[in-house]
Amino acid sequence: MNSGWWRLKDAKNQFSKVVEAAIHGEPQHVTRRGREVVVVVAADEYMRLEKFNPVSIPRFVDHLLALPKDDVEFERLPFITREVESN
């Protein structure tokens, strides 16, 4: 396989090489039945990526709901209608 790509069987047999390459900053892709199933990365890279976990980033809706609520009444501008031509 190409450097950084392993069949599952080969990755099992040469796991120390997979780990060494990942530690040196080269993500190692493992395939099973021709499909990529996992990527092995160094622990520090995983921790860096984990910071960007979408679950920890507030959604826009959450941001809007967190805004202070003001119960003060406000004056609305008068609603002015206009004539519409119909055919």
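Tabulated results
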{"quantity": "Qualifying position, being in contact with a Pro (Cβ under 7 Å, 6 or more places away or on another chain), of a type in the set (A, V, I, L, M, F, W, C) and surrounded by 13 or more Cβ atoms within 10 Å (Cβ to Cβ), among V19, V41, V30", "calculated": "V41"}
{"quantity": "Pairs with Cβ under 6 Å, 6+ apart, first in the stretch 5-24 and touching a residue at least 12 places away in the same chain (Cβ under 8 Å) and of a type in the set (S, T, N, Q), second surrounded by fewer than 13 Cβ atoms within 10 Å (Cβ to Cβ) and in a helix (DSSP H, G or I)", "calculated": "none"}
{"quantity": "Residue list for the stretch 1-24, restricted to those being modelled with pLDDT under 95 and either among the basic types (K, R) or touching an Asp or Glu at 6+ places or on another chain (Cβ under 9 Å) (or both)", "calculated": "M1, S3, G4"}
{"quantity": "Test set (1) modelled with pLDDT of 95 or more; (2) under 21 Å from the mean Cα position of the chain (by Cα); (3) surrounded by 10 or more Cβ atoms within 10 Å (Cβ to Cβ) - R48 fails condition number", "calculated": "(1)"}
{"quantity": "Single match in V38, V30, V72 (criterion: without any contact (Cβ under 8 Å) to a residue 12 or more places away in the chain, in contact with a strand residue (DSSP E or B) (Cβ under 6 Å, 6 or more places away or on another chain) and not small (G, A, S))", "calculated": "V38"}
{"quantity": "The stretch 27-76: number of residues that are more than 30 Å from D10 (Cβ to Cβ) and either part of a loop (DSSP other than H, G, I, E, B) or among the small types (G, A, S) (or both)", "calculated": "18"}
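The values are calculated or read from the model by the stated rules, or taken from the named source; none is laboratory data. Note that this is a predicted model, so its numbers are computed, not measured. Using ideal geometry, Cβ is built from the backbone for each residue, glycine included, and neighbour counts are taken over all protein chains shown.
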